[in-house]
Amino acid sequence: MKHVVITIGREYGSGGRLIAKQLSEELGITFYDKELITAVARKTGFSENFIRDSEHQRPTNSFLYDLYTAVQTPSVPDQVFIAQAKVIKEAASRESCVIVGRCSDYILGEDPACIKVFIHADMASRIDRCVAEYHIPSDNMESRIIQMDRGRANYYNYYTGHTWGEMRRYDLTLNSSVTGIEGAVDLIAAMVRLRTAQAELAE
């Protein structure tokens, strides 16, 4: 298989991480999620817990605005993002892989090897998944899911200047409530193989 990188954006509780993991196994390529935090920790010297916490801080204004107008040293969360972007680019250039979240679709931009996927699901199935897989009590689960999505959207919108989950920014969007985990994996793998075949014909 030709060099390929699949980025997986996902709503909380949609099964996006599990889909990404199974996809990497199906295609026989590297899976990156929390592994990125370890790599960023090595690059920056920050602890992994500190990096996780920085990802959940509520940003204000716009990273691009701050980047082009501020004269002061970037904030620590911004430094973490910049280091994380370098790690993602290095991984994507080094090997075929599946990368979960962390604005990876934006960071890799128009890289022709990149296939950008977004996973969503209806609220009822997301609640069921969180209860069954994450062992989180069902009380107020909907509000927790909304809160987690809001945090992901704030992070993505701040660092990219785009809207998280906007359909036109992805090559493929899937409703895992309809496809199931295995069906989503099969559909994404089929698209990867189609893109690979097209690239080989174009050579």
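The values are calculated or read from the model by the stated rules, or taken from the named source; none is laboratory data. It should be emphasised that the depicted structure is a prediction, and the values quoted were computed from it without experimental measurement. Don't worry about glycine lacking a Cβ; one is built from the backbone with ideal geometry, like all the others, and counts go over all protein chains shown. Heavy atoms of the whole protein, side chains included, go into the accessibility calculation; ligands, DNA and RNA do not. Shrake-Rupley method; radii C 1.70, N 1.55, O 1.52, S 1.80 Å.
Tell me whether segment 129-146 contains one or more residues that are open to solvent by less than 60 Å² (accessible area, probe 1.4 Å), assigned to a helix (DSSP H, G or I), under 30 Å from L194 (Cα atoms) and modelled with pLDDT of 95 or more. Within segment 129-146, not a single residue is open to solvent by less than 60 Å² (accessible area, probe 1.4 Å), assigned to a helix (DSSP H, G or I), under 30 Å from L194 (Cα atoms) and modelled with pLDDT of 95 or more. A count restricted to segment 155-181 and to residues that are assigned to a helix (DSSP H, G or I), surrounded by fewer than 16 Cβ atoms within 10 Å (Cβ to Cβ) and not small (G, A, S) stands at 3. Of the residues making up segment 84-135, those that are in contact with a helix residue (DSSP H, G or I) (Cβ under 7 Å, 6 or more places away or on another chain) and within 16 Å of D149 (Cα to Cα) are V100, R102, C103, I119, A121, D122, M123, S125, R126, I127, C130. May I ask you to verify whether S93 is under 29 Å from A197 (Cβ atoms), out of contact with any strand residue (DSSP E or B) (no Cβ under 8 Å at 6 or more places or on another chain) and either at pLDDT 85 or above or not β-branched (V, I, T) (or both)? Spelling it out, S93 is indeed under 29 Å from A197 (Cβ atoms), out of contact with any strand residue (DSSP E or B) (no Cβ under 8 Å at 6 or more places or on another chain) and either at pLDDT 85 or above or not β-branched (V, I, T) (or both).
Select, from A190, A199, the only residue that is in a helix (DSSP H, G or I), modelled with pLDDT under 95, open to solvent by 20 Å² or more (accessible area, probe 1.4 Å) and farther than 30 Å from P77 by Cα. The conditions single out A199. Pairs linking a residue in segment 175-203 that is more than 13 Å from G16 (Cβ to Cβ) to a residue that is open to solvent by 40 Å² or more (accessible area, probe 1.4 Å) and among the charged types (D, E, K, R), with Cβ atoms under 6 Å and 6 or more positions apart or on different chains, are A189/E26; T196/K2; A199/K2.
The residue that is most open to solvent (accessible area, probe 1.4 Å), among those in segment 112-128 that are farther than 30 Å from A202 by Cβ and of a type in the set (G, A, S), is A124.
Summed over segment 84-109, the residues that are open to solvent by 10 Å² or more (accessible area, probe 1.4 Å), part of a helix (DSSP H, G or I) and in contact with a Lys or Arg (Cβ under 9 Å, 6 or more places away or on another chain) give a count of 6. Residue selection: R152 satisfies the criterion of being open to solvent by 30 Å² or more (accessible area, probe 1.4 Å), closer than 12 Å to G9 by Cβ and at pLDDT below 95. Applying the set (1) under 21 Å from K34 (Cα atoms); (2) among the aromatic types (F, W, Y); (3) touching a strand residue (DSSP E or B) at 6+ places or on another chain (Cβ under 6 Å) to Y106 leaves exactly one unmet item: (3).
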